[in-house]
Amino acid sequence: MEISKEAILNKTHYGLKVYAYILRQYYPESVLSLKGRDCGITRNPFNGGKDTLQINIVDNVAQHYDTELTDFKGDIFEFASYHFKTLEEQDLLIKLNEALHLRIGQKNSFYNQEEFQPAVEFPEIATQASPVFSYFQKPVTNIIPNRQASLVEVFHLIKGDDFASCTSTLRKIQDVKKARKYKAFHFDYVTFSGLFSKRNDKDLKKHSGLLTIDFDHLKDISNLREALLKDEYFETELLFTSPSGDGLKWVIPIELTKVKHQDFFKAAANYIQHSYSLEVDVSGKDISRACFLPHDPNVFINPKYL
C-alpha cells in the first residue's frame, strides 16, 4: 500500500487520530471526545491555546475551523502542515506515517519486532458505548434470540463476507414470492430496537434506544444515502443497503424519556414524507421489528462507536 491521503484516513479514524496526536504534543492530557460527527470545542495550539478549535467529520474526512480566526479552517492535512511545518504534500504524508507509526507501505516481518512496537503511545479518542440488541439465527420463523449483539459487531458482519453469498443469490431471484421466501429462510436477523426473550413486543427486556426506518424500492439509493447522512435532525447510527438491493435501512437514535417508540416512529415518518417525499415501511413502528442482515461493503456506522 502506498502512502496516500486515503491510506492515512483509513488508518486514523477519518483523520481524528491525527488531530488527537498533534494536540497531545501540546497538551498531553488532551483527549478528543466524538459525539456524532462532532468533537466539540478544544484548545487550538495555533491560536494561543484558546478554546476555539472545532473539529468534526464532513464527508468522512476530519475537518476543523477556529471560532475566532475566520481563515483558520481546513482538513486534517492542512492542520498537520502547521505542526510539521511543511507545505509539501508527500513530505507531510511521510512524516505522518512515521510519527503515528502507521507502517503504510512497510512489509511486516516476523523477525522485525520493532515494527510492532510504536515508539510513542498512540493517541486515543473517547468512544461511545455501542447499543446492544437481540440477534436471531435464520430462519425468520425462529423467534428465540441466539444471543445479543452490538451495533459495532453488526456493522462488521454486514461489511464483511458473512452474508455475501446469500445476498448475491437473493438479488438474482426475479420472482417476488420466491425472493421473499428465500430471504425468510436464509438470512440472520436482529431486532435493532432492543433485547427480547422472544421476538414479540410484549417480551421486550430492554430498549436499545434505536429505531429502524425502512426505505423500499428506491429509484436513487446513492442520493438518498448521502442526504440521510447529512440530515440535520436525525443522527445516523447505521445505514446500509437492504438485502434486495433496492432499499435502505436507516438506524437512528430515539429518546424514550420524551416520547414512546410508536409515537417517535410516526413523527419520524411524517418528517421523512415532508422532507424527502418518501413513504416508509410502517412495520418500523413495531419494537420487535425484524431486520435481515445483508452484505454491504459500504455500510456506514456512526464514527463515535469506532
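Points to keep in mind about this one:
Listed here are the residues, each with its yes/no results for (1) out of contact with any Lys or Arg (no Cβ under 9 Å at 6 or more places or on another chain); (2) aliphatic (A, V, I, L, M).
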site: ASP214; (1), (2): no, no
site: ARG225; (1), (2): yes, no
site: ASP231; (1), (2): yes, no
site: LEU239; (1), (2): no, yes
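- Selection over the stretch 278-287 of residues that are under 22 Å from GLN148 (Cβ atoms) and either within 23 Å of the chain's Cα centre (by Cα) or surrounded by 21 or more Cβ atoms within 10 Å (Cβ to Cβ) (or both) gives a count of 2.
Yes or no, residue by residue, for (1) more than 19 Å from ASP281 (Cβ to Cβ); (2) under 17 Å from the mean Cα position of the chain (by Cα):
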{"site": "ALA179", "(1), (2)": "no, no"}
{"site": "ASP203", "(1), (2)": "yes, no"}
{"site": "LEU224", "(1), (2)": "no, yes"}
{"site": "LEU229", "(1), (2)": "yes, yes"}
{"site": "PHE234", "(1), (2)": "no, yes"}
{"site": "THR241", "(1), (2)": "no, yes"}
{"site": "LEU256", "(1), (2)": "yes, no"}
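- Per the listing LYS260, LYS249, LYS285, the residue uniquely free of Cβ contacts under 8 Å to residues at least 24 places away in the same chain and either in contact with a Phe, Trp or Tyr (Cβ under 8 Å, 6 or more places away or on another chain) or charged (D, E, K, R) (or both) is LYS260.
- The stretch 289-306, subset more than 24 Å from GLY245 (Cβ to Cβ) and buried (at least 18 other Cβ atoms within 10 Å of the Cβ), residue farthest from the chain's Cα centre (by Cα): LYS304
- Scanning the stretch 46-92 for residues that are in contact with a helix residue (DSSP H, G or I) (Cβ under 9 Å, 6 or more places away or on another chain), hydrophobic (A, V, I, L, M, F, W, C) and not in a loop (DSSP other than H, G, I, E, B) yields LEU53, ILE55, ILE57, VAL61, ALA62, ILE76, PHE77, PHE79, ALA80, PHE84, LEU92.
- Strands (runs of 3 or more DSSP E) enclosed by the stretch 151-248 - at least 3 residues per element that are surrounded by 16 or more Cβ atoms within 10 Å (Cβ to Cβ): 189-191, 194-196, 210-215, 238-241
- Pick from the stretch 33-45, criterion of a type in the set (A, V, I, L, M, F, W, C) and either in a strand (DSSP E or B) or assigned by TED's automatic domain parsing to the domain that holds ILE252 (or both), ranking: modelled with the lowest pLDDT: CYS39
The values are calculated or read from the model by the stated rules, or taken from the named source; none is laboratory data. Note that the coordinates shown come from a computational prediction; the quantities given were computed from them, not determined experimentally. Backbone-built Cβ (ideal geometry, glycine too); neighbour counts: all protein chains shown.
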